[in-house]
């Protein structure tokens, strides 16, 4: 019996199973009755089929779907190379580790070198700096965009500065012109954390292409999902070589999983103090990790990637609809009781969430905590802007660091900002309910 026919029969049964048992669970949220999460995955029968298709191969590590995804996603992100990893946090770890590679010679980041980053954000943008013995230099952000305040770049610079590592928070690109110009002028690495911002653009170019190396996440909350997963992207062949080694145990060999002898010289090399002819597959040039994905994860990614443009379009449409409705609350209140987010100049965001800052100067009748509590009681999911001012978090109390100024905006965000969902499963009826409940707080 033809195996292709057998697979198709399985896929047809999966379609029926999905339609009977899953499709209603995957959507149809009723405002006021069902909890409206701040973020969520959007899966359909094609995603289910992709998962089973990969499982039928019984090829458990990276394989045909991994190769397809890396090729297709790198093209989407306007990069030459894409390396899949097991999470967005691992992607950040790998991207930073790549810049510590001995292959980079005098440009490698060493313990004691400084890396400029922001105080308001998510810890895993900062953690790799600390984990490699470098010194994070914290600067403040803008309230309007929640992105790095580039006026701090020059004051933050020192003779020890080697890199800038920033995230495009909630899908709104940072000022990439200023960042790129600054890094080029001072011969610094630029690492773009695009985990919130897949598909965002600045001056018509994809985020991630302005720096030397970039990262994305495929956690269920993000623009598309593999369940767990992430990617490192670059167009620099040397950085790709270092990243591949570090991702795959630190080995010097660059063969695909399950493949031998790609270099045609597996047993014919003399490397370091190893004996001549030592198996190149067991030669190691970096202190590395094993951060790879399974092919089932990649198969889900291949399926999700086909829908990614539509996901981004729906997120941005939801953002614009919600913005218009919330602006009317400000108009009816006769004051800017809610600070609404602004896109970075020259940027086309790919919105991950909708940040709202409750104006603490509005006679304190309404504060962020009261609003968040009321929304949650009304079955509306909320999230704070991640770690707020990270310098207030216990994990960074004792680390070596440098801080530029008092970080007033980061503190303000920590005390007054939250965000609500705009992911594709939400429609106007859901967003209208969110607006209704926000306005009720002021009554």
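Rule-based calculations on the coordinates, nothing more; no lab input. The structure presented is a predicted model; accordingly, all values stated were derived computationally and were not measured. Here the Cβ is made from the backbone with ideal geometry for all residues, glycine too, and neighbour counts use every protein chain on show.
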I'm checking a number: the convex hull volume of the Cα atoms of the stretch 41-186, normalised per residue, in Å³. What is it? 150 Å³
Using a Förster distance of 35 Å, the FRET efficiency for residue 72-residue 184 (Cβ separation, nearest 0.05): 0.75
Can you tell me the Rg and Dmax of the chain, counting just the alpha carbons, in angstroms? 23.4, 80
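Once the Cβ-Cβ distance between residue 415 and residue 442 is put in as r, and R0 is 22 Å, what FRET efficiency do you end up with, to the nearest 0.05?
0.70
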For the stretch 351-427 and the stretch 136-177, compute the distance between their C-alpha centroids and round to whole Å. 18 Å
Roughly speaking, what is the stretch gain from residue 249 to residue 335, that is 0.36 nm per residue apart minus the C-alpha to C-alpha distance, in nm to one decimal? 25.3 nm
As an exercise, take the mean of 1/r over every pair of distinct alpha carbons in the stretch 132-270, invert it, and state the Kirkwood radius in angstroms. 17.1 Å
In nm, spacing of pseudo-spin labels at residue 15 and residue 370 (7 Å Cα→C-beta vector): 5.5 nm
Zone of residue 61's modelled label, taken as backbone nitrogen in the stretch 285-317 under 18 Å from a point 7 Å along Cα→Cβ: 285-299
Could you state the principal axis extents of the C-alpha atoms in the stretch 308-440, from the largest down, to the nearest angstrom? 48, 40, 31
At 222 nm, what value in deg cm²/dmol follows for the chain if DSSP H runs of at least 4 each add -39500 (n - 2.57) and the sum is divided by all its residues, to the nearest 500? -11000 deg cm²/dmol
One finds the C-alpha centres of the stretch 226-240 and the stretch 14-58 to be spaced, in Å, by 27 Å
Spatial extent of the stretch 53-305: Rg and Dmax, with the Cα atoms as the point set, Å: 18.5, 60
Of the convex hull enclosing the alpha-carbon atoms of the stretch 1-106, the direction-averaged projected area in nm² is 11.1 nm²
